[in-house]
1. Taking chymotrypsin sites (Phe, Trp or Tyr not before Pro) that fall in a DSSP loop and have at most 14 other Cβ atoms within 10 Å as cut points, what is the longest piece of chain A between them?
2. Leaving out ligands, DNA and RNA, what percent of the accessible area of the protein assembly as shown is carbon and sulfur, probe 1.4 Å?
3. Just report the Cα centroid separation between region B:215-252 and region A:209-282, whole Å.
4. Name the residue from B:Ala161, B:Val222, B:Pro364 whose Cα lies farthest towards the positive end of the charge dipole of chain B, charges +1 on Cβ of Lys and Arg and -1 on Cβ of Asp and Glu.
5. Are there GluC sites (Glu not before Pro) in region B:73-182 that DSSP puts in a loop and that have at most 15 other Cβ atoms within 10 Å, and which ones?
6. Give the accessible surface of region A:57-280 per residue, rounded to a whole number of Å², with probe radius 1.4 Å and ligands, DNA and RNA excluded.
7. Okay, helix-only estimate at 222 nm for the protein assembly as shown: each DSSP H run of n ≥ 4 adds -39500 (n - 2.57), divide by all residues, round to 500 deg cm²/dmol; what do you get?
8. Take the alpha-carbon centre of region A:40-99, take the same for region B:160-196, and report the distance between them in whole Å.
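The values are calculated or read from the model by the stated rules, or taken from the named source; none is laboratory data. Note that the structure is a prediction, hence the values are computed from the model and not measured. Every residue, glycine among them, receives a Cβ derived from its backbone with ideal geometry; neighbour counts consider all protein chains shown. Surface accessibility is based on the protein's heavy atoms, side chains included, excluding ligands, DNA and RNA. Shrake-Rupley method; radii C 1.70, N 1.55, O 1.52, S 1.80 Å.
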Amino acid sequence: MLPTYLQVAPLTVVLTLFFVVPVGLVVLVSFFRYQMLVGIVPDFTLKNYVDLLTNPTTWTLYQSTLKFTLIVLAITFALGFWIAYFLVFHVRNLLTAIGLFLVCTVPFWTSNIIRMISWRPVLGKEGLINSALLNTGVIDQPIEWLLYSDFSVVVAYVHLFTLFMIVPIFNSMARIDKSLLEAAVDAGASRWGVIWNVVLPLSKTGIALGALFVVTLVMGDFFVVTVMSGGLSGSATSGIFNDLQFLNYPRAAANAVILLIIVLLIAASIFRLVDVRKELVR
Amino acid sequence: MNTMTAKATPDTAAGTRESGEIRLVGVTKKFGNAYAVESIDLTIPHGSYCCLLGPSGCGKTTILRMIAGHETPTSGEIFIGEDMVVGKPPVERGTAMMFQSYALFPHLSILDNVAFYLKMRNVGKEERRGKALEMLERVQLDHLKDRMPAQLSGGQQQRVALARSLITNPKVLLLDEPLSALDEFLRLKMRGELKSLQDELGITFVHVTHTQPEAIALADMVVVMDTGRIDQADNANTIYNRPKTPYVARFMGGQNVLTGTVESNAGGAGTLKSEAGSTFEVKLNDSSATVGSKLSIAVRRDQVTIRRGDEASSVGANSIAGIVEATEYQGSYVKVTLRAEGDEFVANVSDRAFFAEPVETGDPVVATWNPEDIHVLSKVDTGGAGDSYLDGGH
């Protein structure tokens with residue numbers, strides 16, 4: 001038997017090397033000074049934070065990121081919950097359920113970029129939807145807001161991230177004893193009554209985990225929002241990206257720290273609502 | 001009890017609450033191409049304690065679930081009282097089901113579990129909690145009202161499940177193997193409590209079980225089932241002492257089944273001859289038993305006496321020779337298993353008689369009985385269905 005400290009050593013090393021050190025460095029650099037033409041100068045200054053927080057662009061970017069997060073969260077939850085519900089409680093055959101579950105993962109067989117770009121011929125000005133609507137005479141001008149808009153950003157996010165909501169909710173639901181649903185019906189619950197009083201509370205863990213995935217993915221994204229909005233919208237991360245392009249690492253680091261704090265706050269509030277750790281060992 | 005009837009008044013479910021008689025008419029249930037239950041006709045009288053008894057997979061739970069409304073019959077009709085209930089939700093049927101796993105809501109406290117039915121009827125929080133608490137008092141669990149189901153023992157969980165079923169004020173209570181998850185001691189205790197509860201409430205209980213002693217101890221009416229069919233539905237005494245078929249005789253335990261060819265039939269006094277040559281005297285009151293036809297009879301294990309004997313030649317009528325295969329001490333009696341004429345034959349010998357003249361494994365013995373203890377079965381034995389299962393009874 002190895003001593004305890006040796007048993008935990010590998011994980012500790014991995015976590016330290018790939019998590020604690022990089023985050024520590026980012027926090028450290030966020031207090032450094034940036035000098036044009038010189039680069040990073042070691043220092044201890046709050047200038048980067050003050051710069052960011054007094055800059056209205058930062059606020060706009062965060063606002064738009066939070067807006068996207070909330071919209072995408074709502075849509076992926078609605079989709080994820082019903083798809084998982086359907087797979088778990090309506091598909092009686094296990095093989096069919098697994099098959100349908102695999103179908104949900106089909107979008108992940110191609111790369112992120114292709115999945116996003118493939119929306120262009122669908123949503124574009126001369127795309128599938130617009131030409132179909134034009135040809136059937138529903139509209140006589142192509143709808144402009146289908147592509148390069150908040151709408152297309154949300155569409156892409158939902159397309160990319162719904163699976164991250166389905167999987168944990170599916171997992172929670174699959175563990176619900178079917179006789180609980182019958183017991184609820186026996187006690188006079190309607191279909192909605194069963195969902196609201198039994199299925200939803202017992203899927204809380206999955207919903208919380210799914211929400212966590214979606215929040216972190218959307219908050220950390222700048223690529224989807226840039227491509228799908230045609231550069232019209234940005235996200236908090238785009239601010240970081242811009243700073244990096246100008247080699248302004250200190251300000252990028254400060255922005256990263258702010259983003260990290262916000263995501264951690266959201267995560268903390270999710271965990272406050274649902275005791276995920278307790279539920280996972282159940 | 002008075003609190004129970006008082007609770008009946010706010011109930012607005014359809015139908016009259018008086019009769020809890022259950023009538024199944026030609027009920028069939030198919031899963032895919034397999035029959036779970038095949039054209040069952042059964043009437044369970046109002047206010048009786050009925051046990052559906054049979055081995056796993058015989059369709060007893062399917063019948064229960066169809067009465068409860070959790071399964072729809074493929075064809076046939078189910079009546080509760082005067083109402084045809086197929087297609088109606090459980091609450092309108094006036095049934096309440098207690099699930100095998102109890103199916104308590106793990107996210108709700110005991111009190112809210114019991115109050116669930118009232119919540120579904122939009123009864124206010126204070127009122128429904130008050131009523132649920134009364135119900136918990138009835139099952140003596142009011143001191144645990146704020147616990148979660150996982151914090152209760154099996155017996156306590158079952159009481160909660162019972163309280164949750166009874167708060168719906170059902171006219172029929174359906175119990176799916178309610179005692180199977182309990183240990184021996186609790187099982188006997190709860191068995192007694194279920195029986196006295198049924199006496200007190202006077203509603204119809206339908207109880208699914210695969211344990212014969214449970215059915216015999218509890219039921220006014222025992223329904224013995226064999227793969228999708230009802231073999232016999234009668235009171236416990238008749239089922240145990242006068243089984244109709246070899247299957248029921250075997251399944252209930254306590255009986256030996258013997259088969260022979262009718263040798264003679266002189267005005268009801270007949271003789272049978274088994275394939276190995278033993279003769280049995282039988283009272284035949286049914287004229288269909290013509291000479292030369294086959295007939296099966298049953299004799300109770302505890303009405304058999306055994307003595308040491310050597311060869312079949314010395315064996316008279318109403319006896320069978322065999323070799324002792326096993327002896328098993330059961331306290332008040334000894335279960336002696338013989339291998340006789342290629343079949344198993346069991347004699348339950350009182351301990352006094354056994355120890356006066358003990359036999360051991362390998363001893364040749366002769367088992368004898370009085371001809372009046374013979375009971376003629378309506379079907380010829382074709383070998384026990386589900387034999388491995390049948391050895392449980394004593």
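1. Details: sites that count: A:Phe44, A:Phe246.
Between the exposed loop sites, the longest stretch runs A:45-245.
2. Values: 20020 of 33250 Å².
For the protein assembly as shown, the apolar C and S fraction of the accessible surface comes to 60 percent.
3. The distance from the Cα centre of region B:215-252 to that of region A:209-282 comes to 68 Å.
4. Looking along the dipole axis, the top candidate is B:Ala161.
5. Here the GluC sites (Glu not before Pro) that fit, given the DSSP loop and packing criteria, are B:Glu82.
6. On the way: 11480 Å² over 224 residues.
Accessible area per residue, region A:57-280: 51 Å².
7. Values: 27 runs with 290 residues, N = 676.
Counting only the DSSP helices, I get -13000 deg cm²/dmol.
8. Region A:40-99 and region B:160-196 have Cα centres spaced 49 Å from each other.
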